[in-house]
Amino acid sequence: MTAIAQGRTRRTGLLGAMCALVVTGTGLTGCSDDPDAGTNGVGKLSAAQIQTKTKAAAESADTVRLSGNVVTSGRTYTLDMRLKADGGSGSVTTEGATFRLLRIGEQLYLKADADFWGQQDGKGDSDTDTAAADKLDDKFVKVPQGDPSYKKFSGFTDKDVLLAGLLTLHGELSTDGHHEQSGTRTIRITGDEGSGGRLDVSLEGEPYPLRLERAGGAGTLTFSGWGKSFSLKEPGKDETVDYGKQLPSS
């Protein structure tokens, strides 16, 4: 073999080694035309298989952070919630009012300012109403389990309930190319070419869902912090009010 041929062979071998290093070490695919090179492989699956895998990954994760907006019963809720198996915490905004939710086990707390409670009461500006609202101002109010507000708001703190309702696309499933979400490569699946929703699934690590556009314009949500631990702390007695009866309607 000539010196020139040996040099070419060495350069070819070096280039191949560098490409392998880049792909396996960082997940980049600059040396390959395959968009799934160095990924978790779900991009090669059918849309139905991808949906099955992303649901399984989401269900098996201990925690998740969910943010964005959801439209339900004609009302838009903007959420920023951290969820785990035994509860969750975060903020909810709707119709200009913001409140915090905290659930630990079966106990649900709602925290808001006096204006929020005054609006929920809806009976006017009597001294009695104002005093009641002031009592609840910026306190963690224990929500009775039999109260309509419990059923309405506890779902926002329930990881399994939320994900089961959100991660189902409607109509015929199909894939819609490779994309990126916050620096992470994704494969997108759709229902009925998008009218039934769009879901971006991570191609790196576990196939977690990362972004969802709900069917019918019913909101857009992002998912992050999969598996990142956080603690839920019960508020102190001086921060808590036990309303003791049905809360003002909300």
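Screening S67 with (1) assigned to a loop (DSSP other than H, G, I, E, B); (2) surrounded by fewer than 19 Cβ atoms within 10 Å (Cβ to Cβ); (3) among the hydroxyl-bearing types (S, T, Y) gives one miss only, at (1).
Contact annotation: residue pairs with Cβ atoms under 6 Å, 6 or more positions apart or on different chains, pairing a residue in segment 44-62 that is without any contact (Cβ under 8 Å) to a residue 40 or more places away in the chain with a partner that is assigned to a loop (DSSP other than H, G, I, E, B) and surrounded by 14 or more Cβ atoms within 10 Å (Cβ to Cβ), are K44/D36.
Residue-level analysis places G177 among those that are touching a strand residue (DSSP E or B) at 6+ places or on another chain (Cβ under 8 Å), surrounded by fewer than 20 Cβ atoms within 10 Å (Cβ to Cβ), part of a strand (DSSP E or B) and on the phi > 0 side of the Ramachandran plot. For first residues located in segment 205-216 and over 18 Å from G191 (Cβ atoms) and open to solvent by 50 Å² or more (accessible area, probe 1.4 Å), partners that are at pLDDT 95 or above and of a type outside the set (S, T, Y) and lie 6+ apart or on another chain with Cβ distances below 6 Å form the pairs E206/A57. Among the residues of segment 147-174, those identified as open to solvent by 70 Å² or more (accessible area, probe 1.4 Å) and in contact (Cβ under 8 Å) with a residue 12 or more places away in the chain are P148, K152, D160, H170, E172.
Out of segment 182-199, which residues are open to solvent by 40 Å² or more (accessible area, probe 1.4 Å) and touching a residue at least 12 places away in the same chain (Cβ under 8 Å)? Step through it out loud before you land on a result.
Narrowing segment 182-199 to residues open to solvent by 40 Å² or more (accessible area, probe 1.4 Å): 182-183, 185, 188, 192-193, 195, 198.
Hits for segment 182-199 are S182, R185, R188, D192, E193, S195, R198.
The values are calculated or read from the model by the stated rules, or taken from the named source; none is laboratory data. Here the structure is a predicted model, which is why all the values come from computation and not from measurement. Note that we place each Cβ from the backbone using ideal geometry, even for glycine, and neighbour counts take in every protein chain shown. Calculation scope for accessible area: heavy atoms of the full protein, side chains included, ligands and nucleic acids excluded. Shrake-Rupley method; radii C 1.70, N 1.55, O 1.52, S 1.80 Å.
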